[in-house]
C-alpha cells in the first residue's frame, strides 16, 4: 500500500512513520509513505501557502493552488487511483471498521491542514473524504495523519509478527479487548493472574476472554453493545459478568472504577 501525505511539515511525517510497526512495514516493502510539501508548489518566490480569510476574522486559510498542484503531483506519481482524505475535526469519526476499509485500498493521500483550515473549494473538488480522530482541535493535521498511517499500516498483511494480533484488538469485532497478563505469575503488591489463564484449558480460556471482553465493553463503552446483536453464548457470558460484577468481591471487581 502507498500513502502520500501533503503537509507543511514533511519531516514530522517521515520521522513518525519510520519507527515501530509502520517503520518495519516500510522496511519489508509492505507500505510506502511519501510526503509532499505545498510550499514546493507555490508559484511565488516567497513560497506562500496561506492568505487572509474573506469576511475577516482571525487566522489564515491555506490557498487552493499550492495544494491543488501538490495533489496533481501525487496523482501522477503512481498509476494506482488515489483516495484523497482531508484530516479535519469536522470529518466523520475514524473507527476501526473504517480503518480496515482504508487498509484494503491500494493508495490513499492525506491532506494536512494548518491555520484556520483550507479553502472550502479545494475540499469540494479535490477531496473524497474528511476524517476526524476525535472531537477536539489540533494545531494541524500532521498528528491525525500519523494516527491514520499507524492504524492503516499495521493492518497490512505481514506488518505484525503475529497475524492474530490485529484480529484480537479492541474494536476489531465491535468489542473492547479482554485483560492481558504476563510474568510474574504472582506479584507481591497486586496478587496473582486469574487461574483460568494458567489452566491450559484453551476452551475455558477462550470463554473467559470472551466474557471479559463483553464485560469491559458493557462497563466502559456500552454504546458499542447497542450497535450489535449478541449471539446466545455472548448474552449468557455477559449475564454472568454482570452477576459477578454485582457481588461485593466478585470476579469483575477490578473494573468497578470504570463504571459510573
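Every condition in (1) farther than 23 Å from residue 51 by Cα; (2) surrounded by fewer than 16 Cβ atoms within 10 Å (Cβ to Cβ); (3) out of contact with any strand residue (DSSP E or B) (no Cβ under 6 Å at 6 or more places or on another chain) is met by residue 124 except one, and the failing one is (1). For region 183-202, give me each residue that is surrounded by fewer than 12 Cβ atoms within 10 Å (Cβ to Cβ), within 31 Å of the chain's Cα centre (by Cα) and either at pLDDT 95 or above or within 16 Å of residue 216 (Cβ to Cβ) (or both). Within region 183-202, 202 is the sole residue that qualifies.
Among the residues of region 115-139, write down those that are assigned to a helix (DSSP H, G or I) and without any contact (Cβ under 8 Å) to a residue 40 or more places away in the chain. Within region 115-139, 120, 123, 124, 125 meet the criteria. Evaluate the following for residue 101: is it without any contact (Cβ under 8 Å) to a residue 12 or more places away in the chain and either assigned to a loop (DSSP other than H, G, I, E, B) or under 13 Å from the mean Cα position of the chain (by Cα) (or both)? Yes. The helices (runs of 4 or more DSSP H) falling completely within region 1-87 that include 3 or more residues that are within 27 Å of residue 158 (Cα to Cα), in contact (Cβ under 8 Å) with a residue 12 or more places away in the chain and in the same structural domain as residue 110 (by TED's automatic domain parsing) map to 10-16, 20-27. Per this entry, residue 110 is counted among residues that are part of a strand (DSSP E or B), closer than 19 Å to residue 4 by Cα and either out of contact with any helix residue (DSSP H, G or I) (no Cβ under 6 Å at 6 or more places or on another chain) or in the same structural domain as residue 25 (by TED's automatic domain parsing) (or both). Go through (1) over 13 Å from residue 173 (Cβ atoms); (2) in contact (Cβ under 8 Å) with a residue 40 or more places away in the chain and name the single condition residue 217 misses. The number of the failed condition is (1).
The values are calculated or read from the model by the stated rules, or taken from the named source; none is laboratory data. Just so it is clear, the model here is predicted, and its values are computed rather than measured. Every residue, glycine as well, gets a Cβ built from its backbone with ideal geometry; the counts of neighbours run over all protein chains shown.
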